[in-house]
Amino acid sequence: MRYSQLRSMDISNGNGVGVSLFVQGCPLHCEGCFNKELWDFNKGLEYNEDIENKLLDLLSPNYISRFTLLGGEPLADQNISGSLDIIRKVRNAYNTNKQIWLYTGYTYEELVDKYNRDILEILSLVDVLVDGRFELQNKDLTLAFKGSTNQRIIDMKETLKQNKIILYNH
């Protein structure tokens with residue numbers, strides 16, 4: 001898997017202060033995307049053990065409350081196994097001490113319909129899922145943590161517990 005950026009002290013991609021990893025590559029190519037430079041799966045840098053150790057180290061301070069995985073598209077076929085590996089390691093290292101946020105252009109329903117074991121495990125490990133393609137006609141810069149009104153911020157723990165979409169109350 002490739003990535004484009006590891007951002008420490010990130011306050012724009014989830015609640016609180018977090019660390020964000022932007023994966024490289026996206027097949028969706030949403031019109032008006034603000035990260036077009038992340039579409040190409042061959043660009044960016046190779047995600048390796050050094051970056052992983054840096055990521056886990058950046059997450060260690062108590063004031064860091066979350067890890068966010070976004071892109072590009074973390075759940076593109078080319079990125080799923082790498083994304084799952086990262087999410088597992090963050091969850092194992094920090095258990096419930098850090099929230100895990102995941103941004104994807106796919107809807108929750110599309111992900112569940114795919115019935116891919118790795119995707120289902122990812123959904124069980126994340127706390128918050130920001131789902132749906134960016135839609136230029138629904139762009140709204142006043143929204144917190146999303147770019148267009150069709151996108152949802154889903155509380156994954158409650159969604160899985162209640163077996164219905166429960167929006168995250170931020």
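Mind checking which residues of region 24-49 are closer than 25 Å to Asp140 by Cβ, without any contact (Cβ under 8 Å) to a residue 60 or more places away in the chain, surrounded by fewer than 16 Cβ atoms within 10 Å (Cβ to Cβ) and not basic (Lys, Arg)?
The initial filter retains those residues of region 24-49 that are closer than 25 Å to Asp140 by Cβ, namely 26-39.
Cutting the leftovers down to without any contact (Cβ under 8 Å) to a residue 60 or more places away in the chain gives us 27, 29, 35-39.
Next, only the ones that are surrounded by fewer than 16 Cβ atoms within 10 Å (Cβ to Cβ) stay: 27, 29, 36-37.
Within region 24-49, Pro27, His29, Glu37 qualify.
So which strands (runs of 3 or more DSSP E) are wholly in region 83-170 and hold at least 1 residues that are out of contact with any Leu (no Cβ under 9 Å at 6 or more places or on another chain)? Full working, then the answer.
Details: elements: 99-103, 128-131, 152-155.
Once the strands (runs of 3 or more DSSP E) in region 83-170 are filtered for at least 1 residues that are out of contact with any Leu (no Cβ under 9 Å at 6 or more places or on another chain), what remains is 99-103.
Out of Leu55, Leu6, Leu21, report the one residue that is surrounded by fewer than 18 Cβ atoms within 10 Å (Cβ to Cβ), hydrophobic (A, V, I, L, M, F, W, C) and either touching a residue at least 12 places away in the same chain (Cβ under 8 Å) or in a helix (DSSP H, G or I) (or both). Don't jump to the end; show me each part of the working.
Numbers: Leu55 fails: surrounded by fewer than 18 Cβ atoms within 10 Å (Cβ to Cβ); Leu21 fails: surrounded by fewer than 18 Cβ atoms within 10 Å (Cβ to Cβ).
Going through Leu55, Leu6, Leu21 in turn, the sole match is Leu6.
If the requirement is being farther than 21 Å from Ile87 by Cα and either of a type outside the set (Gly, Ala, Ser) or touching a residue at least 40 places away in the same chain (Cβ under 8 Å) (or both), which of these qualifies: Leu141, Leu125, Leu160? Before the answer, list the steps.
Details: Leu125 fails: farther than 21 Å from Ile87 by Cα; Leu160 fails: farther than 21 Å from Ile87 by Cα.
Selected residue: Leu141, the only one of Leu141, Leu125, Leu160 that is farther than 21 Å from Ile87 by Cα and either of a type outside the set (Gly, Ala, Ser) or touching a residue at least 40 places away in the same chain (Cβ under 8 Å) (or both).
Taking only pairs six or more apart or across chains, which ones have beta-carbon atoms under 9 Å, a first residue in region 86-103 that is over 12 Å from Arg66 (Cβ atoms), and a second residue that is in a helix (DSSP H, G or I) and not hydrophobic (A, V, I, L, M, F, W, C)?
Here the result reads Ile86/Glu52; Ile87/Glu121; Arg88/Glu121; Lys89/Glu52, each pair linking region 86-103 to a residue that is in a helix (DSSP H, G or I) and not hydrophobic (A, V, I, L, M, F, W, C).
Considering region 125-157 alone, what residues qualify as being surrounded by fewer than 18 Cβ atoms within 10 Å (Cβ to Cβ) and within 15 Å of Pro74 (Cα to Cα)?
Result: Leu125, single match.
FYI, it's all coordinate maths here, none of it is from the lab. Predicted, not measured: the structure shown is a model, and the values here were computed from it. For neighbour counting, all protein chains shown are included, and Cβ atoms are generated from backbone atoms with ideal geometry for every residue, glycine included.
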